[in-house]
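Here's the structure, in structure tokens; my notes come after.
The values are calculated or read from the model by the stated rules, or taken from the named source; none is laboratory data. Note that this is a predicted model, so its numbers are computed, not measured. Neighbour counts run over all protein chains shown; Cβ positions are idealised from the backbone, glycine included.
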Amino acid sequence: MQAPAVSRNRTRLIGPSALLPVGLLVAAVLLVAGLAASMAVGAANIHISTVVEAIFRYDASLFDHLIIRTVRLPRVIAGAMIGAGLAVAGAIMQGLTANPLASPGVLGINAGAAFAVVLGVYLLGGLPLLGYGILAISGAGAAAVIVYALGSVGRGGATPVKLTLAGVIFAMFTSAFTTAILVLDSNTFDQIRFWTVGSLAGRGWDIVLWMGPIVAVGLLGAMLLSRQITTISLGQDIAKGLGQNTALVRALAAVMVILLAGGSVAIAGPVGFVGLVIPHVVRVVCGMDYRWILPYAAVAGAMLVTLADTLGRVVQRPQEIPVGVMLAFVGAPFFIYLARWRVR
Amino acid sequence: MSIPESVKEFPRPGWVVLRARRLTLSVRLDRRVPAVVLTLALVLLAALVLSVSYGEYKIAPLDVLRAVAGMETSDPNHLLVVRGFRLPRILLALMIGAALAASGAIIQGITRNDLADPGLLGINSGAGVLVVGYLTFAARPNPALFPWLALVGALAAAGVIYALAWKRGSSSLRLILIGVGLASLGGALISYFLTKLTLFNAQQAYVWLTGSVYGSTWSEVRLMLLWLGVLLPLTFLLARQLNVLNLGDDLATSLGTRLELHRLVLIGLSAGLAAITVTVAGAIGFAGFVSPHIARRLVGPSHEGLLLCTVLVGGLLLVVADLASRWVIAPNELPIGVTTAIIGAPYFAYLLYKRGR
């Protein structure tokens, strides 16, 4: 198993660490501007000043204000939430497992969520959006617990290698059952194929208000653990040598990953790429200290999802390309560029 | 960088060395290899006979052997059922398993990453994107083109990934990252295409993507045999190079290996082995990932014995998975891609547990 070579790269774009807070601030300002711009674009374009007005001086009698407040605002918030959530979850996973391929998918979390949702749809028939959410997050939680239990049997406890392997096996095992249901039941398949793509279309205040606190707790918890995660990312032995209770930190970090990834899957379906790509990008910018990686990842993830969602609404108007697909289109070339030029 | 597990275990007492008397040819095998290989071969043979005898129309094992040999049995239908229907599909499953397993062992060896599988070379996603995209955009799609599209897509994806990873030499980490990037791009495209298709077509495509050996023919068996006959011996010849590459680029270079050449040839072999399985049966996951792991637990990390054992494990896994996919919901059947994971995963978890103790 290899450590991520990107993180070992000593050259980083923002040199002295004094500049890191400034960079984060700039990124956050950019994110807010991006969110506003995203709200201005859609089936009908709305001027950016109207967007600002709709938020700060809301007038329910104006149609444009109504659209912004009830449709576009919750949607961009949902996008920012899943972006931040998935990126931070991915960064934690890569730090804990010391594997550049790690993302929430690797702990079996996406597979567990998908299985719960598919099983629910199969047994119960159609579901409201929130139903998908509840199933997804419970599936994700169950998956992580099982993977953790599976990965920590035997001597040595939950080492990164065993955890990763356990996660991959669990993911493949549950996906097989998911596939079996989908192959045998065309009704479930028909509903699920639209959920699987990963989309923000029609995400309103209800789901944002339900999942918002979950993702927020996950983000906060992750930030509080960032120092310990940095230590663990240096290696299990070093962390133990420094007197850290690695098992506890690992378990807590896993809880944060469940909250973040589970909440995100609940909002938009299994959206890939953010959790994989953003941590690599961020490490190039700010080195290997997770106290900086995590906040940068949150902001960058939110920016990427907002950008992808906005593009998805624009390129094929009046049709929409789901955010999951746009993310792959935007993220893959960038990721490949990164791998090509920044990896020895 | 932590030391790969395989290197830590390397100096292990008890090797069997085979030397040819005249030729400059020698093979060094782990002491466990002969017994393990013999056991696997016997189990595999039993599984094959059992699998052919099972079905809606049951045939006694002894009659199976007679029918395979072309001898008369008590029932004239036996010959048709065994040689016409069951044997081609079961042999195909066996060879697909062997090919995927060898492909997986190579890619895990080259990248030195435990999570690598043939999908990393874009085989499945390349084939899937082309086939499902063709279904989506062609006015009247012709299923006879699927195998060719799959082959082109699989090899093209592998070529693109290798080319993109090349920058004054290849690097396994770049290869992994770019492979993952392109694979997830492919995955996103496929799920998008699936939402665009009619329900019937989408489900057909989905079954194909899962992998199935339903309705296999002797011509597919011959095709597969031809490819395996060329690619597998080449792979065994390069086993030693895999051991060297597994030490890391720097050490491999200083040991005098022609790093780039060997890596290119091995990647080509891995891609070819996996691509041919995609063309005959669709994208069967898991076997390529798990078989090398199981084999490594059985005979250790040295690739000469490992490859041999991996091929047998992969073949056995798919033969058993095929039997299970016909059995669990008979008279219907599950795609073999589904049962492979359901059977392989628990066994691997058991091995993980056993070693951990």
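When B:G169, B:G229, B:G181, B:G215 are checked against the criterion of being of a type in the set (G, A, S) and at the interface with chain A (Cβ under 9 Å from one of its Cβ atoms), a single residue qualifies: B:G181. Within segment A:62-81, residues that are at pLDDT 90 or above sit with their Cβ atoms under 6 Å from residues that are acidic (D, E), at 6+ positions apart or across chains, in these pairs: A:G79/A:D309. Every listed requirement among (1) at pLDDT below 85; (2) facing chain B (nearest Cβ under 7 Å); (3) more than 15 Å from B:L351 (Cα to Cα) is met by A:W195 save one, (2).
Selection of segment A:314-332 for residues being surrounded by fewer than 23 Cβ atoms within 10 Å (Cβ to Cβ), assigned to a helix (DSSP H, G or I) and not aliphatic (A, V, I, L, M) yields only A:F329. If only residues of segment B:233-258 that are over 27 Å from B:A341 (Cα atoms) and of a type in the set (V, I, T) are counted, the one that is surrounded by the fewest Cβ atoms within 10 Å (Cβ to Cβ) is B:T253. It is to be established whether one or more residues within segment A:251-274 are surrounded by 24 or more Cβ atoms within 10 Å (Cβ to Cβ) and among the aromatic types (F, W, Y). Taking every residue of segment A:251-274 in turn, at least one turns out to be surrounded by 24 or more Cβ atoms within 10 Å (Cβ to Cβ) and among the aromatic types (F, W, Y). Scanning segment B:329-357 for residues that are more than 9 Å from chain A (Cβ to nearest Cβ) and either of a type in the set (S, T, N, Q) or in a loop (DSSP other than H, G, I, E, B) (or both) yields B:A330, B:P331, B:E333. Of all residues in segment A:218-250, those being of a type outside the set (D, E, K, R) and either crowded, with 18+ Cβ neighbours inside 10 Å or in contact (Cβ under 8 Å) with a residue 12 or more places away in the chain (or both) number 20.
When the test is whether a residue is assigned to a helix (DSSP H, G or I) and crowded, with 19+ Cβ neighbours inside 10 Å, B:V230 does not pass it. Candidates are the residues of segment A:306-341 that are under 21 Å from A:L35 (Cβ atoms) and of a type in the set (G, A, S); the one that is nearest to the other protein chains (Cβ to nearest Cβ) is A:G324. Can you say whether A:A113 is free of Cβ contacts under 8 Å to residues at least 24 places away in the same chain, buried (at least 16 other Cβ atoms within 10 Å of the Cβ) and hydrophobic (A, V, I, L, M, F, W, C), as far as the supplied structure shows? In short, no. Keeping to segment B:42-70, report how many residues are surrounded by fewer than 17 Cβ atoms within 10 Å (Cβ to Cβ) and in contact with a Ser or Thr (Cβ under 7 Å, 6 or more places away or on another chain). Number of matching residues: 2.
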